[in-house]
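Colleague: This structure is in structure tokens; I'll ask about it shortly.
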Amino acid sequence: MLDHPTHIETPDEDAPLVTFTGNRGLDHEEALIFEIGRPDTTGVDIDAPGTSQTRLGGLERAEPIGLPGLSEPETMRHYVRLSRKNYSIDAGLYPLGSCTMKHNPRLNEKLARLEGFADIHPLQPQSTIPGALELMQELAHWLTTLTNMSAVAMSPKAGAHGELCGLMAIKSAIAARGEAATRTVVLIPQSAHGTNPASAALLGFSVRAIPAGADGVVHPDAIRAALGPDVAAIMLTNPNTCGLFERDIVEIARLVHEAGGYFYCDGANFNAIAGVARPGDFGVDAMHINLHKTFSTPHGGGGPGAGPVVLSERLAPFAPVPFLRRDGDALTLVEHTEGTQSFGRLTAFHGQMGMFTRALSYMLAHGADGVAQASRDAVLSANYVRASLRDVMTQPFGDRICMHEALFDDAWLKGTGVSTLDFAKAMIDEGYHPMTIYFPLVAHGAMLIEPTESESKASVDLFIATLRDLASSALKGERSRFINAPRTTPRRRVDETLAARKPVLRWRPAAEDV
Ligand SMILES: Cc1ncc(COP(=O)(O)O)c(C=O)c1O
């Protein structure tokens, strides 16, 4: 239960407000449900089950299970209070670079809830879901059209899963050429997202790191130096994780192809170019598209995501099952690999219908001009932030136009005693979720800001003004505003290393907690 303080001291300016209840204004302290619930309480009034013959053969639980019970109003209050501790894109600007926290339109939600899409079962006979298959086909059509690619694998559940899918297609294509034993290396730039080397390693490839140039992009010379007969593929993010467009991408693709390798493009940042440039025109062989980024479906903590992978003509035959095939008017999902070169099945079912519906809803609501406008506005917003802060914060690769996200480093904080982490924590006191920090690794003390196109100018202006105020405070030596931050949150700084290394995932009654 809550420990009430025995007396309340007048807090000094830097300390958090301590109250008798633990509540602070309308921010309620909330204990775990195990701490406030009572096993003998229930929120429902139903008859005890009639006696029935047990078939457990003596394995019945001897003791009550001890689950916490609450009345209905207590339950409501518990979960509403918890939900109010969430920060979300619906509550405020969420500048998390590389994650594209853009608005999730409510129209998407409305359409995803239509019974014909929401209530179907993956084991239902195909003949009963022609509408759902048409929807998948239409989404697939627009994904391949926007990217100028030949085919798309719809079943991957997220970007990282898409990387695995694309690399599995590449591995199969290499095996079909009889080169599985020799082509075992994947080239990956040092600025890449951690999932890139992880996906390659998971499939038994070894990784050869490519250095970025002083201007933050990969140079053809670095690729030439790394290429050889052992190279299976390159994984290159474009726009890259520094928010810069890889201007030599066509030449890099040509070099990789000439050396017999495949080109995997990490399409996490497709939202900067969708409707404006087509990855197929760069020479890409496979690319995942995070529907939760570019096409505004909700981010789902590894849960209900979707990361379709578009494939070039060379890789299309190796796509996983199931895939859609149209015969005349009839659409069917090909579920078996017989008679195909498919690398097999990646997931149990066909992909995330809810995400497909939302993504198609976004595309159709925006139209071709709207999708391109969204990309252009995302780039405009990021450059507005960059240009508005460049006189106080430093940019690691010089004063260059960026794509959809603006990257700063911590050189400007030198000598202030304030770190990137402290700066990010102080943003929380100002009501903002921090930007992505310490990623990409190629920028020291990185701060990666992605405002997205869905913020109004007024919202971005207030964000910029807040960052300018914080920056001038840091430069004036007002260190306590940073090192003691956050002061306004239910919890202050947690030991993130301890939490990651020794997570406490199970609640135990206090008596057991020794
Ligand atoms: C550049 C890049 N690649 C890959 C991923 C992985 O995508 P997902 O989180 O959908 O698995 C991310 C995610 O943020 C990313 O930013």
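The values are calculated or read from the model by the stated rules, or taken from the named source; none is laboratory data. A quick note: this is a predicted structure, and the numbers were derived from the prediction, not measured. So basically every Cβ, Gly included, is an ideal-geometry build from the backbone, and we count neighbours across all protein chains shown. Only protein heavy atoms, including side chains, enter the accessible area calculation; ligands, DNA and RNA are left aside. Shrake-Rupley method; radii C 1.70, N 1.55, O 1.52, S 1.80 Å.
Colleague: 5 Å is the cut-off here: which amide hydrogens, built 1.01 Å from N in the peptide plane, fall below it relative to L324, excluding neighbours closer than 5 in sequence?
Modeller: Here the answer is V334, since their amide H atoms fall under 5 Å of that of L324.
Colleague: Largest first, how would H350, H121 line up by accessible area (1.4 Å probe)?
Modeller: On the way: H350 30, H121 105 Å².
Highest to lowest solvent-accessible surface, that is H121, H350.
Colleague: Return the calculated 222 nm mean residue ellipticity for the chain, to the nearest 500 deg cm²/dmol, obtained by summing -39500 (n - 2.57) across DSSP H runs with n ≥ 4 and dividing by the residue count.
Modeller: On the way: 15 runs with 168 residues, N = 514.
Computed ellipticity for the chain at 222 nm equals -10000 deg cm²/dmol.
Colleague: Based only on the alpha carbon positions, what is the Kirkwood hydrodynamic radius of region 221-334, in angstrom?
Modeller: Working: mean 1/r = 0.0635 Å⁻¹.
Taking every pair of different Cα atoms in region 221-334, averaging 1/r and inverting gives 15.7 Å.
Colleague: What do you get for Rg/Rh over region 266-306 if you use C-alpha atoms and the Kirkwood form of Rh? Present the calculation step by step, with values, prior to reporting the outcome.
Modeller: Numbers: Rg = 11.2 Å, Rh = 11.0 Å.
Ratio of gyration radius to Kirkwood radius: 1.02.
Colleague: Using a 7 Å offset from the Cα along the Cα-to-Cβ direction at both S472 and M76, what is the distance between the two label points in nm, to one decimal?
Modeller: Result: 4.7 nm between the two label points.
Colleague: To continue, here is another question. Can you tell me the equivalent ellipsoid semi-axes for the chain? Use √(5λ) from the Cα gyration tensor, largest first, whole Å.
Modeller: Working: eigenvalues 340, 251, 100 Å².
Its equivalent ellipsoid spans semi-axes of 41, 35, 22 Å.
Colleague: What distance in nm separates the two pseudo spin-label positions at T145 and I483, each 7 Å out from Cα along the beta-carbon direction?
Modeller: With each label point 7 Å from Cα toward Cβ, the separation is 5.8 nm.
Colleague: A further question follows. With an 8 Å cut-off on Cα pairs and a minimum separation of 6 or more residues, tell me the relative contact order of region 434-490 in percent. Walk me through the numbers on the way to the answer.
Modeller: Details: 26 pairs, mean separation 9.3, N = 57.
With pairs under 8 Å counted, the relative contact order is 16 percent.
Colleague: If you average the C-alpha positions of region 365-441 and of region 22-100 separately, how far apart do those two centres end up, in angstrom?
Modeller: A separation of 38 Å, based on Cα centres.
Colleague: Then there's this: Roughly speaking, what % of Cα-Cα pairs in region 205-280 are separated by over 17 Å, rounded to a whole number?
Modeller: Values: 1198 of 2850 pairs.
Percent of Cα pairs beyond 17 Å in region 205-280: 42.
Colleague: Sticking with this structure for a sec: From the gyration tensor of the Cα coordinates in region 40-156, what semi-axes in whole Å does the equivalent ellipsoid have, largest first, with each one equal to sqrt(5λ)?
Modeller: Values: eigenvalues 369, 151, 46 Å².
They are 43, 27, 15 Å, listed largest first.
Colleague: Would region 381-432 count as rounded, prolate or oblate if I go by the C-alpha gyration tensor, calling it rounded below 1.5 in a/c and otherwise prolate when a/b exceeds b/c, oblate otherwise? Don't skip to the answer; put the middle values down first.
Modeller: Values: a/c = 2.46, a/b = 1.35, b/c = 1.83.
It is oblate, given that a/c is not under 1.5 and a/b is not larger than b/c.
Colleague: Beyond a 21 Å Cα-Cα separation, which of these cross-linked pairs lie in this structure: K85/K425; K425/K502; K102/K457; K110/K293; K157/K293; K102/K157? If you can, show how the numbers build up before the last one.
Modeller: Working: K85/K425 16 Å; K425/K502 23 Å; K102/K457 14 Å; K110/K293 19 Å; K157/K293 13 Å; K102/K157 19 Å.
Over 21 Å apart, Cα to Cα: K425/K502.
Colleague: If you average the sequence gap of Cα pairs under 8 Å that are 6 or more apart and divide by the length of region 211-292, what percent do you get for the contact order? Walk me through the intermediate numbers first.
Modeller: Values: 111 pairs, mean separation 24.6, N = 82.
It rounds to 30 percent for region 211-292.
Colleague: Post the alpha-carbon centroid distance, region 257-333 to region 452-514, in whole angstrom.
Modeller: Their Cα centres are 35 Å away from one another.
Colleague: Still on this model: Calculate, in nm to one decimal, what T182 and E258 gain on full extension: separation in residues at 0.36 nm each, minus their alpha carbon distance. Don't skip to the answer; put the middle values down first.
Modeller: Working: separation 76, 0.36 × 76 = 27.36 nm, distance 1.64 nm.
Separation in residues times 0.36 nm, less the Cα-Cα distance, equals 25.7 nm.
Colleague: Can you tell me the mean projection area, over all orientations, of the convex hull of region 15-102's alpha carbons? Units nm², please.
Modeller: Values: hull surface 47.4 nm².
Value for region 15-102: 11.9 nm².
Colleague: Of Y87, Y79, which has the most accessible area with a 1.4 Å probe, and how do the rest follow in descending order?
Modeller: Numbers: Y87 70, Y79 120 Å².
Ranking Y87, Y79 by accessible area, largest first, yields Y79, Y87.
Colleague: Another question, then. How long is the gain from A209 to R325 if the chain were fully straight, where each residue apart is worth 0.36 nm and the alpha carbon distance is subtracted?
Modeller: On the way: separation 116, 0.36 × 116 = 41.76 nm, distance 3.89 nm.
Extra length available between A209 and R325 comes to 37.9 nm.
Colleague: Another question, if that's okay. Between region 120-172 and region 176-192, how many Å separate their Cα centres?
Modeller: With region 120-172 and region 176-192 each reduced to a Cα centre, they are spaced 25 Å.
Colleague: For A306, what is the net charge nearby, where nearby means another residue's Cβ is under 13 Å from its Cβ and Lys, Arg count +1, Asp, Glu -1? Before the final figure, lay out the partial values.
Modeller: Working: positive: K157, K293, R358; negative: none.
With Lys, Arg at +1 and Asp, Glu at -1, the net is +3.
Colleague: Continuing with the same structure: Given an 8 Å cut-off on Cα distances and at least 6 residues of separation, report the relative contact order of the chain as a percent. Spell out each step's value before the answer.
Modeller: Values: 893 pairs, mean separation 89.2, N = 514.
Relative contact order, the chain: 17 percent.
Colleague: Let me ask another. Per residue, how many Å² of accessible area does the chain show with a 1.4 Å probe? Kindly include the intermediate steps, with their values, before the conclusion.
Modeller: Working: 25650 Å² over 514 residues.
With all protein chains present, the chain gives 50 Å² per residue.
Colleague: With 25 Å as the cut-off, how large is the P(r) tail for region 91-232, expressed as percent of Cα-Cα pairs?
Modeller: Values: 5116 of 10011 pairs.
Tail of the P(r) past 25 Å holds 51 percent of the pairs.
Colleague: Then there is this: Output the antiparallel fraction of DSSP beta bridges having both residues in the chain, as a percent to the nearest 5.
Modeller: On the way: 20 of 36 bridges.
In the chain, DSSP labels about 55 percent of beta bridges as antiparallel.
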